[in-house]
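Student: Please read through the structure below; I'll follow up with questions.
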């Protein structure tokens, strides 16, 4: 577990060192072992040919034509063979009847019975020394196949071992050099391959804090481009959010400055007046302006929250939400003598949403409907669901909106032709922002059975 965490935090250099170096060492070790096996095979093949030559030379000098067994040993050949073997050389010639025994009679016998005319090579120990033997058995006379002669030649394996050790040492030095070159070459290629990433990192470090231009990916490897594209998308989203917040601050400051300027003018007017009636009228105007300023401030705060607050999706009872909003706005509806009601398909309508944000959106939609519906009108808030998602809607029988106005409204500070003097154009913008935060939409539709407007906020199931 600790090694896994360390590998996840390691740089590419360290990661390659942890993963590539052991692999290279393992491959080099296997290659060296295979080289040693090949060297042993090559040495045995070469030395066995020399051993077989000595065996055949002795066999060529064996004769049984006189009825007995005569051997003329090629001492010159044996002396030369002993020089090439770099060690002791032994031989034995023995008849199958035991009457003739020449050379080293105690040489180790073959581990298996010999086939006539086929030499056998094997390893054994002779006087504490490891030797390589070649044994050969043949009939002494074709007329008497049961009478055979055994020829053995042995040599010390010291020269073979020295040859193999020297060969393996050279191979080890060669493989070590190749391994070092591979490591250095891999490091050099990795450094060359990572140069675009280093340039990218340097370019990001030297950027100014307000530089949100996309990162260039022309010279980057194909594996890195998706990361750069994702970073550019995130920067674009951040830039959009920063621009939205800046626009929000500009709009909020303009909106509040307008209210404050109006209040200041009304206060100055009240101080200059001596007539109590005029002063009373100025105070009433100041009260109305304070109410509009309070409403605008509340809407600005709601708009800022709808844009930036995290959406807390949880089970939500839409019927209970409609009743809470209706109780909140019922005094305003009674003051204008408006028939304000709610309608749901079922008494218990469960949805997945942020109930706080939905209540804010529904409150703004219903408040707009109450404000723009004539006295004795009707406003109804509804909730519904289907297989795709849920919806809450507000329907009124007011003057309604034209098709062009329905398409344009929902933008901040955009007001319709029927807007009242106290409106700020933020109610529909708040509802639209909350719908988009739920991955839904806000639709404005004309009523089917008369004048009026239907505002529908729909969002999909998670």
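Student: Please compute one quarter of the surface area of the Cα convex hull for the range 343-392 and express it in square nanometres.
Tutor: Computing the convex hull of the Cα atoms and averaging its projections yields 4.2 nm².
Student: Additional query: Which peptide among 113-123, 365-375, 52-62, 270-280 comes first, and what is the full order, when sorted by highest mean count of other Cβ atoms within 10 Å? Don't skip to the end; give the middle numbers.
Tutor: Working: 113-123: 12.8, 365-375: 20.9, 52-62: 17.1, 270-280: 10.9.
The most tightly packed comes first, giving 365-375, 52-62, 113-123, 270-280.
Student: Express in nm, to one decimal, how much length is gained between residue 61 and residue 277 on full extension, taking 0.36 nm for each residue of separation and deducting their alpha carbon distance. List each step's numbers first, then the result.
Tutor: Working: separation 216, 0.36 × 216 = 77.76 nm, distance 15.35 nm.
62.4 nm is the gain from fully extending residue 61 to residue 277.
Student: Between the range 175-214 and the range 329-401, what's the alpha-carbon centroid distance in Å?
Tutor: Going from one Cα centre to the other spans 60 Å.
Student: Then there's this: Between residue 211 and residue 186, what FRET efficiency comes out of the Förster formula 1/(1 + (r/R0)^6) with R0 = 25 Å and r the beta carbon distance, rounded to 0.05?
Tutor: Working: r = 36 Å, r/R0 = 1.43.
Efficiency computed from Cβ-Cβ geometry: 0.10.
Student: Further question on the same structure: Need the full-extension length gain, residue 378 to residue 19, defined as separation in residues times 0.36 nm minus the C-alpha distance. One decimal, nm.
Tutor: Values: separation 359, 0.36 × 359 = 129.24 nm, distance 7.41 nm.
Between residue 378 and residue 19, full extension yields an extra 121.8 nm.
Student: Please give the FRET efficiency for residue 352 paired with residue 220, using the beta carbon to beta carbon distance and R0 = 35 Å, rounded to the nearest 0.05. Don't jump to the answer; show the numbers that get you there.
Tutor: Details: r = 41 Å, r/R0 = 1.17.
Efficiency computed from Cβ-Cβ geometry: 0.30.
Student: Suppose the chain between residue 236 and residue 124 were pulled fully straight at 0.36 nm per residue; how much longer would it get relative to their current alpha carbon spacing?
Tutor: Numbers: separation 112, 0.36 × 112 = 40.32 nm, distance 8.10 nm.
Extending this stretch completely gives an extra 32.2 nm.
Student: Next question. Which distance in nm do the two modelled labels at residue 335 and residue 198 give, with both placed 7 Å along the Cα-to-Cβ direction?
Tutor: Here the answer is 7.1 nm between the modelled labels.
Rule-based calculations on the coordinates, nothing more; no lab input. Every value quoted in this text rests on a predicted model; they were computed, and no experiment measured them. Positions of Cβ are backbone-derived with ideal geometry, glycine not excepted, and every protein chain shown enters the neighbour counts.
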